[in-house]
Amino acid sequence: MSDSEDDQLRQFLPSGFGKQAVTYDFEGQYDKCRRPEYINLLSQKASKRIGRESNDDDDSDDYDELEELPISHEIILKEHNKTVSALDVDPAGVRVASGSYDYNMDLWDFNGMNLAALHPFRIMEPVESHPIHELQFSRNGEWILVIPSSSQAKIFTRDGEEESEYVRGDMYLRDMNNTDGHVAELTAGAWHPTDDNLFATSSLDSTIRIWDANIKRAQRNVIVVKSRTAKGGKTRVSSIGWSPDGKYIAGATTDGGLAYWSSSGPYNRPVASVQDAHGKESWTSGVVYGTDNSTILTRGGDGTIKLWDTRNFKKPLLSRSGLENAVQETNISFSPNGRYIITGTSSTPDSPVGQLHIIDKSDLSTIAAVTLDASKPSSVVKAQWHSKLGQIVATTSTGAIHVLFSRELSQKGAKVVVEKPPKVRHVDDNITADIDLSAAAITPDMMSGKNRDGSRLTNQQRQKIARKDPLKSRRPDLPLARRMDGEIRVFNFDAEDEEKPEKRRKM
């Protein structure tokens, strides 16, 4: 037998006995996640640097800064169908919580996903038919503070189980100091940075309330924010933020004001305030403290970002305009080292595609403007630079969550997803092996996309159906009621059947 025939035969024989090592193409997976826009940015910076004289270091510095940003690769988590208005990553960098205008809160786990299966492990509706404004993990990562568009905050476990719902105030009391909770829609919320039992909420009822997580019947402290305009009276608090040491809490209002209070009181007046921090009747959507406890960064609905020093609070240290903001949940935050600022811009008729801006804190100039989705008009809403992962997570108005990372600079998180091989399906996993497809019948349920046993229904759809089932919901039989006109109405029927004549009968 010739050598060529031996080689052909050897291809069909096993190279060894026992369990064989399975290799996984990491390079190919990373190539799929590489962002073409990043390569173009690098090439543009490199060409400019070559074209300049050797003694000009400006472009060289820009090129080096671009290489320090974790924006070379990305994975996209797509489950929401409307604007993703709330986002947070737990301190360990394992789980992601997202909330949307579609009323759902989704929980994601990096360790439970791969590139072939990017899906949340839990989907729920914290408050029925209410969008979500804010989500935030507690400092230990065990609890999630949920700020819906209702007047009551909620706390969930990291696994998605509801733990607490906090009281609603008495809307008929004029003095907001005397109510036990908010009486209008919530706008923002945040955990205390050093005390795991405290959190704060803000509302359209002109108050900031500090809560003890263990007490649901009433808040711990109330800050009634008064308008400093000529009209005076109440205003609307749009966003709040704690100082890193927890000694102060700052709040922005829709009349353009900005103020901060001592967290230990007194609460009847702020430590300092600015009347025209941003445009009047604009929604200041972000207030965040710097790590030095004396710097405050604000994101205005008037398209500006401003950097303030609490030691000289009359005017901002730096200001920049031209960053459109049309979404009231658009946030702003610092990078882990405090050198950069990240925020998103909104879609406008002149610029239909919003971008993620990475800004130099020293002069508020943009180092990189990252386009997340150029296929359709979209706005970048939430953005977070995680200190442990070294990754940037950003959301858009199209319902997508973009996780930007670098293969060299980032740790775990999205890299775990990329490097995790897809699940090897066993022959027993093939459901068609034991099913005679020729005997299958097409039913109206199958045509509607729902099986008769409900196996293809989502959790939200199953819960809705179960609530209408008197047996599953354990609803008692409702009594009959006699009306003055002699008509008897049976109350145990669905709301949509109220006008059907067969649901009523005459005496």
Pick out the one residue from Asn221, Asn197 that is farther than 21 Å from Leu258 by Cβ and polar (S, T, N, Q). Asn197
Is it true that some residue in region 296-316 is modelled with pLDDT of 95 or more, hydrophobic (A, V, I, L, M, F, W, C), within 27 Å of Phe405 (Cα to Cα) and not in a strand (DSSP E or B)? no
Which of the following residues is of a type in the set (A, V, I, L, M, F, W, C) and at pLDDT below 90: Leu42, Leu107, Leu77? Leu42
For region 178-185, indicate whether the set of residues that are modelled with pLDDT under 95, more than 30 Å from Phe121 (Cβ to Cβ), open to solvent by 10 Å² or more (accessible area, probe 1.4 Å) and not charged (D, E, K, R) is non-empty. yes
Cβ-Cβ under 9 Å, sequence separation 6+ or interchain: first residue in region 169-186 and without any contact (Cβ under 8 Å) to a residue 24 or more places away in the chain, partner surrounded by fewer than 16 Cβ atoms within 10 Å (Cβ to Cβ) and assigned to a helix (DSSP H, G or I). Which pairs? Asp170/Asn178
Note on region 110-154: residues open to solvent by 30 Å² or more (accessible area, probe 1.4 Å), part of a strand (DSSP E or B) and modelled with pLDDT of 95 or more are Arg122, Ile123, Glu134, Gln136, Trp143
Conditions (1) within 25 Å of the chain's Cα centre (by Cα); (2) surrounded by 16 or more Cβ atoms within 10 Å (Cβ to Cβ); number of the one not met by Asp245: (2)
Go through (1) open to solvent by less than 30 Å² (accessible area, probe 1.4 Å); (2) under 19 Å from Ile210 (Cα atoms) and name the single condition Tyr267 misses. (1)
Would you please list the contacts, defined by Cβ atoms under 7 Å and residues six or more apart or on different chains, that run from a residue in region 285-297 that is under 11 Å from Leu307 (Cα atoms) to a residue that is acidic (Asp, Glu)? Ser294/Asp309; Thr295/Asp309
When you look at Gly344, is it of a type outside the set (Phe, Trp, Tyr) and either open to solvent by 10 Å² or more (accessible area, probe 1.4 Å) or free of Cβ contacts under 8 Å to residues at least 40 places away in the same chain (or both), yes or no? no
Name the residues in region 220-235 that are surrounded by fewer than 22 Cβ atoms within 10 Å (Cβ to Cβ) and at pLDDT 95 or above, would you? Arg220, Asn221, Val222, Val224
What is the number of the single condition among (1) of a type outside the set (Lys, Arg); (2) open to solvent by less than 30 Å² (accessible area, probe 1.4 Å); (3) part of a loop (DSSP other than H, G, I, E, B) that Asn293 does not meet? (2)
Looking at this structure, is Ser206 surrounded by 15 or more Cβ atoms within 10 Å (Cβ to Cβ), closer than 25 Å to Thr284 by Cα and out of contact with any strand residue (DSSP E or B) (no Cβ under 6 Å at 6 or more places or on another chain)? no
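The values are calculated or read from the model by the stated rules, or taken from the named source; none is laboratory data. What you see is a predicted model; the values in this text were computed from it and never measured. Cβ: placed from backbone, ideal geometry, glycine included. Neighbour counts: every protein chain shown. Side chains are part of the model used for accessible areas, which takes the heavy atoms of the whole protein and leaves out ligands, DNA and RNA. Shrake-Rupley method; radii C 1.70, N 1.55, O 1.52, S 1.80 Å.
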